[in-house]
Each structure stands twice: as structure tokens, then as C-alpha cells.
Amino acid sequence: MDRRDFLKIMGSGFASIAGADLLIPKRPLASTPGTEFYGILVDTTRCIGCRRCELGCAEVNGLPLPDISESTNQTVLKTPRKTTDRQYTIINKYETSEGPIYVPKRCMHCNQPGCVAACPVKAMRKREQGHVTWDVNCIGCRLCMISCPFDIPKHEYSKAFPRIQKCNLCWDRFNQGQLPGCVEVCPTQALMFGTRRQILEEGKRRIAANPGKYVDHIYGEYEVGGTSHLYLSAVPFEQIGFRNDLGTVPYPEYSTGFLYAVPFIFVLWPIAMLGMNRGTKKENGEEKEEHHGEETDKGKH
Amino acid sequence: MNELFTYHDMFSSKGPEYIIIIIFLIIIIGFWAFVNMNAKR
Amino acid sequence: MAGEKLETVAVAAEKAESPKIKSFGDFIDFLKKELKPEGSIATPFNIISLPIMLLGYVFIVLRLASGLGKPITNLSQQYPWGLWIGFDVVTGVAFAGGAYVLCFIVYILRAEKYHPIIRATVLNGFLAYLFYAGAIVLDIGRWWNIYNPMVGNNFGVNAVMFLVAWHFFLYMLAELVEFSPAIAEWLGARKARKILGAMTLGAVIFGITLSTLHQSGLGALMMMAKSKIHPLWYTEFIPILYFVSSIFAGLSLVIFEGSISHKVFAYQLDEHHKEQYNDILVGLSRICAVVMFGYFFLKILLVVHGHAVKYINTPMGYWWLLEMIGFVLVPCFAFLRGAQREDTALIKFAAIITMIGIILNRLNYTFIAYNWYVPLSEKYWPTPIELTVTASIILTEIWVFRWMVRRMPVLREPPAWAKAMGHD
């Protein structure tokens, strides 16, 4: 072996050790101020499309187990799929300028999620540790589905008592000190779990250490205000199914314009209308009218 | 830059805002009676 | 609707007297009498509407039993909202906007000219919210939880939908208070009539404020769909567009529904009312023309502001032009012309075209211009069941409206004792 190969092996060895440390999350801190997000670094150059993450996810979530035999994979991976109400994560295969690339797709766990802002009952919640979870007080209005730029939440249309289904970053497992089901079974460490700060650093480190290997961009670092699933890629992200037109504005900020105007209208409209009603009143000889000008209630009860 | 790593609810003030609005709408009833008080009888 | 003309002068005079309700037993007897159908049951309208209504109720039970999936609806993961939310709720609420606009004109600006139709308009508004916004129960997947935003499980103050839900509820109450003097007159409850009459201004102001916010709020619901709605429709000012268009949407429905009611219930109208109605139509027509003119230029401004002009020369662009020119600009000028010549037929035509335009606009935001790039095979079309249930709900509302207009002083003059109490 020559010196370059030796250094490569040593380098990747150190990286794996450092990475292995990052694979195990520290015990989650009980609500201390500044509890940081956790997330997953998805390195698409390491993904081999084995779909074991799909199986692992289904197993820990009690979902139907997908058939991930080689022959089935060949067929399944022919066309890009979406997540469904029975599959929280899926692998898609893209033919690119660098050959076939396999990409895991699941909830991005945005820093400021549109689905959370849209939910009228806080069934969709962003936990302090970053997980975006769904709860059963949901009314099924499906506005979260409309508000997600990644089209992740899925509704169980076939059921009389439907839920909204999506990856929740294995919230329950996390609280028991376990890794997400997908991360645990990935054979190539394409998935790395850690705090967002850690995985962002690791992503940047990999790009800096391998300049020819990666596009110099981490998808999810700033997109839609930042997400907790961060992606590395060997090719421009549009080639592997990512939209590059989502902007960096956190999605909830698209509705703040209206929500911030609400209190003003609630104050100004009644004032203006009372003023107009008062102003258009004939002052002379309309005693009955004045009586009816007085409010005794607003019909709120 | 901290919002890239921790969660801050940008809507945390909406609850108190709505309560203030409700109080305003209740007070305005009395205020309106007050405004009309100097009307000729 | 030939079977509708049934009251004689004597019967109408008898109605002007208040019923003597002294006990709960009296009330039940009164209600039983009022629920008896007046005149012929087998009118063409009844014969056509009743089977549709009954079929719709069956489908509603099916929907509750089996969920929103096929074949009940064609909703999908790509199209979470379809006909029921897009048309029944969102378009229905836009059409119900006539109530708050007319209340503003009559009670705030004190334009007495429009007073004769205020009760019918408020009643229609109330029933519209009751049935169409009420139909939300059917539209949501977990309908048994519908009270959650109201009772605090949880108060999603972050959400536009939370605001819209509360506003619908409060607005129904405000409209009920506004209409309640007519109910009090029907029951002969003089004391209640006096108290409720005094509450009208408060209910009106509250109602107009609520309406402003939830009409615009329905638009605000779509703000986070920025990546999915075609740039010719998406703008940061969607809420304002919804609010402005609700003005002429509501008034167009007032014109359309009024033209039918005034024919069907012509026997209830006194000569004064009949004379005034032409003036009313002309006035409403002018208001619509002015607002639509402003709306048209607002849309142009926003398309330029959003750097979306380049999309006009595309298939979706032609669809946008059709909506804007064919169903906003054209009826705008038809309203103008109709008002100038006092041509009520032209005014009614303009109202119908405007209403179609509003339907197109709201459905564009819901599933036509929403996810417009999705391949044709995956697009959403309403199922026959969705269409039937929608028709059933609308017809049920019309039946209730008809019952109330026949029995209560909505179009006919209030009893003398109520008139003596003064303004509505």
C-alpha cells in the first residue's frame, strides 16, 4: 500500500471512532435552558440503497415490514417514491452525473416547522430536543399537510379513525436513550445521529476533508430556516430529488404577517365603526335611535 | 444565531394578546355607554 | 315554483298577530303547527331536492363510518383539501359575506335604502355559517375532536386555523343575535325583542370585525403553501384578496338569492318594498362594480410585485386570464352597465358570472392552482358522492331558509308592536 492509501485508512479510522462517539446520544438534558436540537446527518455518498433503514423503522414503529430483498429492491427503486401513511422513511434511487445515488427521504424536523405553526390544536409539536411529533388531540384538518414544503405528513384516508403519520425521530426511543431505528441498522453509517451542532460540524468537516467528493453545500443548513435532517451529496441537490426553490425563510414566518395584524384589526375596527356610527347619528329628536346605539352585549355568550 | 440550534416559539405572545383583546372588547361596552352619556335626554 | 303562492291576505294578517305562548306546552303546540307544511308538498323543487338530500344523508353516514378515502372522496396525500373544504366551507363563507357588508352599510353607514333586505341577508349568512362552516365536522378526519380548539386541547394560538375556527363559532353567535329579533317577533316575545334589538349594534360591530378577520383568515391558511401554489395566485397579500373579494362575492349572492326569494315570496312584500327593490339592486350593483374594479387592479399590482408577469403566457397563465378577465372584469362592467340602465336582468347575469368567478378563485387556491404541476393522472376531481353531499347540504339549507321566511317576519313587515320599538 502507498502512503496515500495508508493515510486514507488512518483518516477514515479516526473519523469512524469520532463518528461512533457521535452515534450514541448523550443522555437528554431535562429542560435546561438552551437544550439543543438533535438531528441526523445523511451522507448520500455512503448510502448503498439496501433499505435496511426502511425495515428498521417499520420494526420499531409497528408498521408493515417492507420486503428488502435484492430482487425486490431492484424493482422498487426504479421510480422515486414518497413516504406514505405506512412508511415513515423510504430510499429513492437517482441516476446522476456521478452514477446512481441513493437518498433516504423522511421528515426533515425543521427548526421552525410549518406543520407546527399550522396546527390549531398543537397536535404537531416541536420538542425542545428537535423532534417534531404528532399527538392524538389532532382534529384531522390536514393543514399540516398543506403547510409542509417537503410534503411529509400523511393522512390515513382508508381509516374511519385516521391519524397523521410521519417520522418522529423516534421520540419514544430517544427518551429511553436509544438511537432512532433507522440509524441503528444502517450498515454504512450513512446516517449519523447527534446534536444539530455536532452533525453540522461533522458535515462541514467531511466536505473540507474531501473537496472533490462532496458538493459544498449541506442541504438543510439554512433551507426553510434550517432543518435537523442535514444532507451531504456528491451532486447538485436538484439531481437527487431536492427542491432548490424553498428559500431560507422559516415557513411559520409566512403566516406571521396576518397573525400579527389580527390584534390591530380587533382594536381598530370596533373603534372605527363606533366612531362612524356615532358620527352619522342625527343629534336632534332621535331619542329612540340613541337608545339603540348603546350596546349591552356583543352576543359573545 | 442560537435559533439554529434551539427552539424559540415565535407565537408565545399570541395567548396574552388574545386575552388583552377580549378584555378590550368587554371594556369597550362600558366605554361606549360613557361616550353616549352627554346625549340630550 | 308555482306551488309557493299560498298565503291569502287573511292568513298574512293573522300571522301579524303574536301567538299566545304562556307555557312550554303552548310552545310545543305552536312549534308543531309551524312545522306543518304549508300548501302543496309535491312541488317540482321538492320532488327534485328531497331525494338528493336523503341520498346525501346516507352518504354522510357512510363517510363517518368508513373515513375520507375512496370512493367517498378523491382526496389524496397531494390534495388534502377538495370540494368539501374548498367549495362548501371556503367558497360558502365568501358568499355569506353579504351579511357583514350589508350590516356595515345599514347599521354603521346608516344607508336606510338597503334596510328591507337586511333580515333575509343576515338569515342567509347565519344559515350559511351553520351549514357550510358547520359541515367542517364532515371535512376533518378526526371529527370527534372538533371541540378541541374551543376547549383548550390545545389552544393553538400559533395557528391561523385556530383563529378561523373561533371566529366561525363567535360569528354564528353574533349573527344569531342579529337575527334573533325576528325570532322574538315570531314567538310574540315582546320583552326579548326589546332586549335583543338593543344588542344589534354590538353584534353587528363584533360581526363585521370577525368577518374581516376570518374572510382574510381563510386566505391566510394558504400562506405556507408558497411552494405549491402557482405564482400568479400566490402572494403575501392573499388575505387581503380574500377579504376584498368576499365583499362582491357576498353582494352577488345577495343579488342572486334575492332575485329568487323576491319572486317566490312576492306575496309577503308590500308595495313600498317592491318599489325599493329595484333601487337596492342598482345600488348593490354599483358597489360590486367599484370593488371589483379595485380588486382587478390589486391583482395586477400583486402579479407585477411578485415578478410573475412572465407566467401569463403559459397554460396556467391563460387560466388566470380567464378568471381575471372573464369572471372579474367582464361582470364588473356588466354591473356598471346594469346599474346605469337599471337593467335588473343584466345585474343578475353579472351576479351569476361573479359567483362563478369566486368559485373558480377559491378552488384554484384549494386544488387547481395548488399543486398545479402534479401530473394529470394524479390530480384531484370530486367524486359523485362528494358532489351529492355538497348538493344535499345546500338544499337542506334552502329548505330551512324557506321554512323560516314563510313563518317569521324576514321579508314581510314585522308586527306593529315590534315596529313601535324602533330600529330593527
State all residues of region C:227-245 that are in contact with a Phe, Trp or Tyr (Cβ under 6 Å, 6 or more places away or on another chain), at the interface with chain A (Cβ under 10 Å from one of its Cβ atoms) and surrounded by fewer than 24 Cβ atoms within 10 Å (Cβ to Cβ); if no residue qualifies, say none. C:LYS228, C:ILE229
Say we look at region A:142-158 and pick out the residues that are under 18 Å from A:ASP245 (Cβ atoms) and not in a loop (DSSP other than H, G, I, E, B); which of these is nearest to the chain's Cα centre (by Cα)? A:SER147
The lone condition C:PHE162 fails out of (1) within 21 Å of B:GLU17 (Cβ to Cβ); (2) crowded, with 22+ Cβ neighbours inside 10 Å; (3) at pLDDT below 95 is (3)
Among the residues of region C:50-70, write down those that are within 14 Å of chain A (Cβ to nearest Cβ), free of Cβ contacts under 8 Å to residues at least 60 places away in the same chain and assigned to a helix (DSSP H, G or I). C:VAL61, C:ALA65, C:SER66
Selection status of C:PHE349, of a type in the set (Phe, Trp, Tyr) and in contact with a Pro (Cβ under 9 Å, 6 or more places away or on another chain): yes
Can you find, within region C:338-352, the residue that is farthest from the chain's Cα centre (by Cα) among those that are in contact (Cβ under 8 Å) with a residue 24 or more places away in the chain and surrounded by fewer than 18 Cβ atoms within 10 Å (Cβ to Cβ)? C:GLU342
So which of C:GLY82, C:GLY92, C:GLY156, C:GLY86 is touching a Cys at 6+ places or on another chain (Cβ under 6 Å), at pLDDT 95 or above and either buried (at least 20 other Cβ atoms within 10 Å of the Cβ) or under 30 Å from C:VAL405 (Cβ atoms) (or both)? C:GLY156
I want to confirm something. Restricting to region C:201-226 and keeping residues that are among the β-branched types (Val, Ile, Thr) and within 7 Å of chain A (Cβ to nearest Cβ), which single residue is surrounded by the fewest Cβ atoms within 10 Å (Cβ to Cβ)? C:THR212
When you go through (1) surrounded by fewer than 23 Cβ atoms within 10 Å (Cβ to Cβ); (2) under 24 Å from C:GLN268 (Cβ atoms) one by one for C:VAL151, which number turns out not to apply? (2)
So, first residue under 22 Å from A:PRO180 (Cα atoms) in region A:120-143, second residue small (Gly, Ala, Ser), Cβ within less than 8 Å, six or more apart or across chains; the pairs are A:MET124/A:ALA118; A:GLU128/A:SER31; A:GLY130/A:GLY39; A:GLY130/A:SER228; A:TRP134/A:ALA123; A:ASP135/A:ALA123; A:VAL136/A:ALA123
Picking from C:TYR114, C:TYR107, which residue would you name as being away from chain A (no Cβ under 14 Å) and more than 15 Å from the chain's Cα centre (by Cα)? C:TYR114
Among the residues of region A:92-105, are any assigned to a loop (DSSP other than H, G, I, E, B) and within 14 Å of chain C (Cβ to nearest Cβ)? no
Identity of the residue in region A:159-173, without any contact (Cβ under 8 Å) to a residue 12 or more places away in the chain and assigned to a loop (DSSP other than H, G, I, E, B), that ends up farthest from the other protein chains (Cβ to nearest Cβ): A:PHE161
Residue in region A:224-231 that is farther than 22 Å from A:CYS167 by Cα, crowded, with 16+ Cβ neighbours inside 10 Å and at pLDDT 95 or above present: no
Any residue that is within 16 Å of the chain's Cα centre (by Cα), within 30 Å of A:ASP151 (Cβ to Cβ) and of a type outside the set (Lys, Arg) - is there at least one of those in region C:118-132? yes
Tell me, yes or no, whether region C:205-218 has at least one residue that is touching a residue at least 24 places away in the same chain (Cβ under 8 Å), over 20 Å from C:ASN158 (Cα atoms) and touching an Asp or Glu at 6+ places or on another chain (Cβ under 7 Å). yes
Surrounded by 15 or more Cβ atoms within 10 Å (Cβ to Cβ) and within 18 Å of C:GLY258 (Cβ to Cβ): which single residue out of C:PHE367, C:PHE335 fits that description? C:PHE335
May I ask you to verify whether C:ILE140 is within 7 Å of chain A (Cβ to nearest Cβ), in contact with a Cys (Cβ under 7 Å, 6 or more places away or on another chain) and under 30 Å from C:MET408 (Cα atoms)? no
Of everything in region A:71-89, what is in contact with a Cys (Cβ under 9 Å, 6 or more places away or on another chain) and either within 27 Å of A:ILE207 (Cα to Cα) or in a helix (DSSP H, G or I) (or both)? Give them in sequence order. A:ASN73, A:THR89
Residue tally, condition within 8 Å of chain A (Cβ to nearest Cβ), hydrophobic (A, V, I, L, M, F, W, C) and outside any helix (DSSP H, G or I), over region C:157-179: 1
Does region A:50-65 hold any residues that are surrounded by fewer than 19 Cβ atoms within 10 Å (Cβ to Cβ) and either of a type in the set (Phe, Trp, Tyr) or not in a helix (DSSP H, G or I) (or both), and which are they? A:CYS50, A:GLY62, A:LEU63, A:PRO64, A:LEU65
Matching residues in region A:66-108 (polar (S, T, N, Q) and loosely packed, with under 13 Cβ neighbours inside 10 Å) number 7
Could you list, ordered by first residue, the pairs with Cβ atoms under 9 Å in which the first is in region C:26-49 and β-branched (Val, Ile, Thr) and the second is modelled with pLDDT under 85 and exposed (fewer than 10 other Cβ atoms within 10 Å of the Cβ), at least 6 apart or interchain? C:THR43/C:ALA2
Among the residues of region C:71-100, write down those that are farther than 20 Å from C:LEU360 by Cβ and part of a helix (DSSP H, G or I). C:ALA99, C:TYR100
Counting only residues in region A:174-197 that are in a helix (DSSP H, G or I) and out of contact with any Gly (no Cβ under 9 Å at 6 or more places or on another chain), the one farthest from the other protein chains (Cβ to nearest Cβ) is identified as A:PHE174
Selection from region A:241-266 of residues that are within 17 Å of B:ILE27 (Cβ to Cβ) and at the interface with chain C (Cβ under 9 Å from one of its Cβ atoms): A:PHE266
Limited to region C:186-199, what total is found for residues that are in a helix (DSSP H, G or I), more than 7 Å from chain A (Cβ to nearest Cβ) and in contact (Cβ under 8 Å) with a residue 24 or more places away in the chain? 5
Closer than 24 Å to A:GLY49 by Cα and either surrounded by 19 or more Cβ atoms within 10 Å (Cβ to Cβ) or at pLDDT below 95 (or both): does that describe A:ILE218? yes
Test A:THR79 against the criterion of being at pLDDT 95 or above and polar (S, T, N, Q), and give yes or no. no
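The values are calculated or read from the model by the stated rules, or taken from the named source; none is laboratory data. Since the model is a prediction, treat every value here as computed from it, not as a measurement. Please note: Cβ atoms are built from the backbone with ideal geometry, for glycine as well, and neighbour counts cover all protein chains shown.
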